[in-house]
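One structure follows; several queries about it will come next.
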Amino acid sequence: MIKTVFQAKKFIMNNKKAFIFDLDGVIVDTAKYHFLAWQKLAQQLGIEFTPEHNEQLKGVSRVRSLDIILELGGIQASQEDKNKWLIQKNDDYLSYLVDIDESEILPGVLPVLHYLKHKNQQIALGSASKNAKPILEKTGILPLFDAIVDGNDVSNAKPDPEVFIQAAKKLNATNENSIVFEDSVAGIQAANIAKMTSVGIGDSTILNEAKFIFKDFTFIDVSFIESLIN
Ligand code: BG6
Ligand code: MG
């Protein structure tokens, strides 16, 4: 009898879905501000940095992003210089965020979040950003999240799946029952490595490893969300 109750409990836990959202470029239009801040630093260092180069930085931690830019320019730098540039980049990035509000939320995102809430589904954030919480606060959507895992919580950057695995664990969901919405190649790879369902948001030629791909959330309809829930 005890065993049966235990098994039933386990079944309920394993059946729970976790809807895990990346932040930058998925929920909010902040990817453009990261790009502008990195581009400013690259210019200062005499490194050419294009939107194509920027794709390599999406989903990638701040520290790793700087290394990629320095590699592009063939620059070797001291840790002291790197630390200075990391602070400068983040200060520039934050200066773009001073006045952000709900209008920065990307089209179609709010209806999907509200639909999931309406359907009693669990929502988590899985972001590499250390600035995630203030952004969710400023845009007014923090209360919609049941769990938050961000750049302050993880030691391994995407494509390592650590951030998504932690998010699923916080929601008591298995990896197989977790769905990840991502705009970066590294993030899609992370979700796939964890055997989660990857949903790419953006360019289908760039995100071709995703299980499903949508140009943006306005292309996601109720029947697709229902198919993920059931
Ligand atoms: C990711 C972004 O979400 O967060 C990257 O896609 C960014 O571009 C990374 O570098 C780290 O963000 P932050 O806010 O901690 O510098
Ligand atoms: Mg992103």
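The values are calculated or read from the model by the stated rules, or taken from the named source; none is laboratory data. None of these values were measured; they are calculated from a predicted model. Every residue, glycine among them, receives a Cβ derived from its backbone with ideal geometry; neighbour counts consider all protein chains shown. What goes into the accessible areas is simple: the full protein's heavy atoms, side chains included, and nothing from ligands, DNA or RNA. Shrake-Rupley method; radii C 1.70, N 1.55, O 1.52, S 1.80 Å.
What percentage of the solvent-accessible surface of the chain, computed with a 1.4 Å probe over protein heavy atoms, is contributed by carbon and sulfur atoms? Each step should come with its number before you reach the end.
Values: 6120 of 11490 Å².
Here it works out to 53 percent.
If you line up the Cα atoms of the stretch 146-230 on their principal axes, what length do they span on each, largest first, in Å?
33, 28, 19
To one decimal place, what orientation-averaged projected area in nm² is obtained for the convex hull of the Cα set of the chain?
On the way: hull surface 54.3 nm².
Spelled out: convex hull of the Cα atoms, projected over all directions, averaged, 13.6 nm².
Further, regarding this structure: Using a 1.4 Å probe, what is the accessible area per residue for the stretch 41-191, in Å²?
Values: 7030 Å² over 151 residues.
That works out to 47 Å² per residue.
Sticking with this structure for a sec: Given the stretch 46-123 reduced to its alpha-carbon atoms as identical point scatterers, what log10 I(q)/I(0) does the Debye formula return at q = 0.14, 0.17, 0.18, 0.27 Å⁻¹?
-0.68, -0.84, -0.89, -1.28
Keeping all protein chains in place and using 1.4 angstrom, which order do SER204, SER178 fall into by accessible surface area, from largest down?
Numbers: SER204 70, SER178 0 Å².
Ranked from most to least accessible, the order is SER204, SER178.
Give me the percent relative contact order of the chain, please, defined on Cα pairs under 8 angstrom at least 6 residues apart. Walk me through the intermediate numbers first.
On the way: 361 pairs, mean separation 57.7, N = 230.
The value is 25 percent.
With +1 on each Lys and Arg Cβ and -1 on each Asp and Glu Cβ, and nothing else charged, work out how big the dipole of the stretch 34-139 is about its Cα centre, in Debye to the nearest 20.
Details: 12 positive and 14 negative charges, 92 e Å.
It works out to roughly 440 debye.
Could I ask something else about it? Please report the accessible area of LYS133 (heavy atoms, 1.4 Å probe, ligands and nucleic acids excluded) in Å², nearest 10.
Surface accessible to solvent at LYS133 totals approximately 100 Å².
Same structure, new question: 7 Å from Cα along Cα→Cβ at both ASP99 and ASN172: what's the point-to-point distance in nm?
Taking the two extended label points, one gets 4.5 nm.
Between GLN76 and PHE212, what length in nm is gained on full extension when 0.36 nm per residue of separation is reduced by their alpha carbon distance?
On the way: separation 136, 0.36 × 136 = 48.96 nm, distance 3.93 nm.
Result: 45.0 nm gained on full extension.
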